[in-house]
1. Ignoring everything except DSSP H segments at least 4 long, calculate the 222 nm mean residue ellipticity for the chain; use -39,500 (n - 2.57) per segment, divide by total residues, nearest 500.
2. Checking the a/c ratio against 1.5 first, then a/b against b/c, what shape does the Cα gyration tensor give for the chain?
3. Sequence gap at least 6, Cα distance under 8 Å: using those rules, report the relative contact order of the chain to the nearest whole percent.
4. Would you list which aspartates and glutamates come within 12 Å of Lys116, measuring only between C-alpha atoms, while excluding same-chain residues fewer than 8 positions from it?
5. How large, in percent, is the carbon and sulfur part of the accessible surface of the chain at a probe radius of 1.4 Å?
6. Measure off 7 Å from each Cα along the Cα-to-Cβ vector at Glu36 and Lys192, then give the distance between these two points in nanometres to one decimal.
7. With the other protein chains left in place, how much accessible area per residue, in square angstrom, belongs to the range 1-118 at a 1.4 angstrom probe?
8. Subtract the Cα-Cα distance of Tyr73 and Ala60 from 0.36 nm times their separation in residues, and report this length gain in nm to one decimal.
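The values are calculated or read from the model by the stated rules, or taken from the named source; none is laboratory data. Everything numeric in this text was worked out from a predicted model, so none of it was measured. Here Cβ is always computed from backbone atoms with ideal geometry, including for glycine, and neighbour counts include all displayed protein chains. Surface areas here come from the heavy atoms of the whole protein model, side chains and all, with no ligands, DNA or RNA. Shrake-Rupley method; radii C 1.70, N 1.55, O 1.52, S 1.80 Å.
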Amino acid sequence: VTVLEFTRFLNAGGNDEHYMEDMADPAFCGIVRKGEGNYEVVSGREYYPVVFMRPEAAEAFASWAGKRLPTEYEWEIAARGAEGRLYPWGNEPPTPSLANYNFLTGHTTPVGSYKKGRTPQGVFDMAGNVWELCDGYWESYPWGRKIEGMPKGRRNMRGGSWVTPAVNIGSTYRNAMKYSGWAAMIGFRCAKDAD
């Protein structure tokens, strides 16, 4: 979800609770509050991924858009494909031409910037750029072994971000949200049931 799309949601009215002042920083997000229900995008930031997301804000946007957050299972299937790719683009290790990770750019990049890094099905940005919130909480996979000491009550995130090391942006890497949600590397994408 881009900065522009999230700004439209904020401007739809009744969504002020999903804005935070840090979003105004053009180095990370670029949504400036002009008044209640009145937000503008800093020029040039329209197509960057929205960040500083909390699960409640992501869910509210998805509902407003007639969609929802993907489950962790759906997210991984989209990233790995039927062939079980190690990365969204295939089995080749990450390079700067495939994804935004490990502080290579020092910030997010516009959505869809890494054409070589998209899945064979054409899905962009499933590795790096921003961690993507998923529906559900951190727990062991139904087919996995129980891991003692797993954090309880934390939301699932997938894909890694612009600060994530290469070893943690693979399609099977799982992460639990450790922040209140106000972090410059947490965003989301939406899903929708097939008609």
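1. Numbers: 3 runs with 28 residues, N = 195.
Helix-only estimate at 222 nm: -4000 deg cm²/dmol.
2. Numbers: a/c = 1.69, a/b = 1.36, b/c = 1.24.
Prolate, because a/c is 1.5 or more and a/b exceeds b/c.
3. Values: 396 pairs, mean separation 47.2, N = 195.
Reported relative contact order: 24 percent.
4. Partners within reach: Glu92, Asp125.
5. Its accessible area is 51 percent carbon and sulfur atoms.
6. With each label placed 7 Å out from Cα toward Cβ, I get 3.2 nm.
7. Working: 5690 Å² over 118 residues.
Result: 48 Å² per residue.
8. Numbers: separation 13, 0.36 × 13 = 4.68 nm, distance 2.09 nm.
Answer, rounded to one decimal: 2.6 nm.
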